[in-house]
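Chemist: This structure is in structure tokens; I'll ask about it shortly.
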Amino acid sequence: MALIKCHECKNQISSTAKTCPQCGAKNKPQTTTTTKIFAVLFAVIIVYWVTSAPSVPTTRTTSTTSTQTATPKPKAPPTIDEKIKKQFSAWDGSHYGLEKIIKKSMNDPDSYKHIETRYVKEDNDILVITEFSGKNAFNATVKNSIAGKFTFDGQLLEIIQ
Ligand SMILES: [Zn+2]
């Protein structure tokens, strides 16, 4: 039971009293209006909640299905072996990154011919060895080999001649 001020005589009266025991004025008509407003608001909220309730599970199911279809990707990040595999050509097994470096260093990049690429998986990187042939500065086709260390993501770490 809370105490409120009578709107007429400002005396403290019980909030549950219908009339003021001091002056006989009706207990706070403002409170009743606010109570009515709250009641209406509450009813509106209930109605809104009830009417929107059936749509809530549907949105939930659609969101869960959409997250379920989206989850396989983050759930299965590429393994190290998959990352390594991506760095190599499926066609001739050459290493894309290392091949670029080789061609850049060549006198005649068009003469580049991939012979063989092998790689060694190390703790934190891979060592790629590529054998290739190409024309040298004297226009003679020569066999050469180059080795490079790459991260599992294909970033060049070091070229080992
Ligand atoms: Zn009063």
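Chemist: Name, by its number, the condition in (1) modelled with pLDDT of 80 or more; (2) surrounded by 10 or more Cβ atoms within 10 Å (Cβ to Cβ) that does not hold for Ala90.
Modeler: For Ala90, the failing item is (2).
Chemist: Also: Failed condition for Tyr96, given (1) modelled with pLDDT of 85 or more; (2) within 16 Å of the ligand (Cβ to nearest atom), with all others met?
Modeler: (2)
Chemist: In this structure, does Cys23 turn out to be at pLDDT 90 or above, surrounded by 10 or more Cβ atoms within 10 Å (Cβ to Cβ) and within 16 Å of the ligand (Cβ to nearest atom)?
Modeler: yes
Chemist: For the list (1) surrounded by 15 or more Cβ atoms within 10 Å (Cβ to Cβ); (2) free of Cβ contacts under 8 Å to residues at least 60 places away in the same chain, I need the number of the one condition that Gly154 fails.
Modeler: Of the numbered conditions (1) surrounded by 15 or more Cβ atoms within 10 Å (Cβ to Cβ); (2) free of Cβ contacts under 8 Å to residues at least 60 places away in the same chain, the odd one out for Gly154 is (2).
Chemist: Among Ile129, Ile101, which is part of a helix (DSSP H, G or I), of a type in the set (A, V, I, L, M) and under 18 Å from Leu157 (Cβ atoms)?
Modeler: It is Ile101.
Chemist: Answer yes or no: is there a residue in the range 105-114 that is surrounded by 15 or more Cβ atoms within 10 Å (Cβ to Cβ) and of a type in the set (Ser, Thr, Tyr).
Modeler: yes
Chemist: Would it be correct to say that Glu116 is in contact with a Ser or Thr (Cβ under 8 Å, 6 or more places away or on another chain) and of a type in the set (Asp, Glu)?
Modeler: yes
The values are calculated or read from the model by the stated rules, or taken from the named source; none is laboratory data. Computed from a predicted structure; not experimentally measured. No Cβ is skipped: glycine too gets one built from the backbone with ideal geometry, and neighbour counts run over all protein chains shown.
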